[in-house]
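Input: a single structure, listed below in structure tokens.
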Amino acid sequence: MASRTLIPHQAAGDAMADNVDIKQKNVAAPGRNRKALNDIGNLATTRDVEGKPLRPVTRSFGAKLLANAQTKDNKDKVGGARVTKKAVPVPKPPAKKAVTVKPEPEIIVISPDTEEVKQKAEVKAVQNEKSIAKKKKKKVSTMSAVLTARSKAACGLSNKPKELAVDIDASDVNNELAVVEYIEDLYKFYKQAENECRPQDYMASQPEINEKMRAILVDWLIEVHEKFDLMPETLYLTINLVDRFLSLKAVPRRELQLLGIGCMLIACKYEEIWAPEVNDFVTISESAYSNEQILKMEKTILGKLEWYLTVPTPYVFLTRYIKASIPDNELENMVYFLAELALMNYGSISYSSSMIAASAVYVARLTLHKVLAWTETLRLYTGFSESELKECAKTLVNLHSRAQGQKLQNVYKKYSKAENFAVALCSPATCLLENIISFCH
């Protein structure tokens, strides 16, 4: 049987006092234990009497407090003796893992208008980057571009708005016969040379020849040219040689036709592949001149002109300006009709070859009621403005108006045929004679 510890008898007052002390100790212990548990959980901090926080409770400090509290609670008083229970080791609380708080994604509400503005801004930014890269890129000029720029600068065409004009040579880039690389340089030369070989006003120096006789000769040469079926270049060169020779030497009336035959023979040898023979010219002139006379006249002409045969006639410019007009067959025939009327007119020698060609294209467009009488493309490639062509154009309209009633009808009959689209039968652009620079209705 277990022994019992005897407790000495005490007085009632003393016993009550001891009971009060024991109760107070027993009550205080759980309070301290809870306080320590609270501290170890870091749910509260130790405070002083006034309620102010003291030292912060760390893990090590909290564990120490807990151990001390448990040690005090395990001491039981039995018969006035204290029994100390062995302290149970307190396991360390598992370390709390750090919680990473992910930021919530920002939600942007885009209205349809805002999205459209954003897209436009992105497109504009891309375009700006491309334009900057294009500007930084080094431009390499080709020989063709250099020659073209020089030619336009020499002709006064460099300030023309190229973006509004049509590149008429673009389709001939792969055509070697079109010589696109040199075409502008060639016409630069033609523009300079046309003033060097222009015939002067010679009628005052010709005692036996007048304007009417010259017109009869040219009309006959046009007929011969058509019968021999010669190239257009041959006709224009023939008339140029006649006028240049007459401006240098006086010719008797009886030799005027011989002069025309000699000039056409030279032009045929220069332009044609199969030139007519001298006997053909004797026959067509009804044996008015012998072979020896024709050959002698040929030699005289070449000596007087110093063999200078490479000249820019109106036909040289007509081919270029017709191409710039982007023509149809009717317009092309109308241009040639007006140009041949100018060949017969002695007063036309006061105009340059390029002026006559440009005016023929301008009047033809007016006559056929084209939407624009003079385009930016024509202005670019001819070098003439609409106002600069006014006087020469009026001359061509007058020639067209009088063509039907003239005695010399070879040009009119030639272009009244269906094969030439009967352009001679069209009404002339008389509105131009009334100083109206616009297309006629």
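Points to keep in mind about this one:
- Computed extension gain for Leu186 through Leu372, at 0.36 nm per residue and net of the alpha carbon distance, reaches 64.2 nm.
- Extension gain, Arg402 to Met203, is 69.4 nm, computed as 0.36 nm per intervening residue step minus the present C-alpha separation.
- Sequence-ordered 3J(HN,Hα) estimates for region 260-269 from the Karplus curve with 6.51, -1.76 and 1.60 and θ = phi - 60° stand at x, 5, x, 5, 5, 4, 5, 5, 5, 5 Hz, glycine and proline given as x.
- When the C-alpha to C-alpha distance is required to be over 31 Å, the pairs from Lys323/Lys417; Lys299/Lys413; Lys191/Lys296; Lys296/Lys413; Lys296/Lys417; Lys227/Lys323 that qualify are Lys299/Lys413; Lys191/Lys296; Lys296/Lys413; Lys296/Lys417.
- Computed 3J(HN,Hα) for region 305-310, one whole-Hz value per residue from the Karplus formula 6.51 cos²θ - 1.76 cosθ + 1.60 where θ = phi - 60°, is 8, 6, 6, 8, 10, 7, glycine and proline marked x.
- The distance between label points at Arg253 and Asn210 comes to 1.0 nm (points 7 Å beyond Cα on the Cα→Cβ vector).
Here, each number is a calculation from the coordinates, and none is a lab measurement. Only a predicted model underlies this, so the values are computations on that prediction, with no experimental measurement involved. No Cβ is skipped: glycine too gets one built from the backbone with ideal geometry, and neighbour counts run over all protein chains shown.
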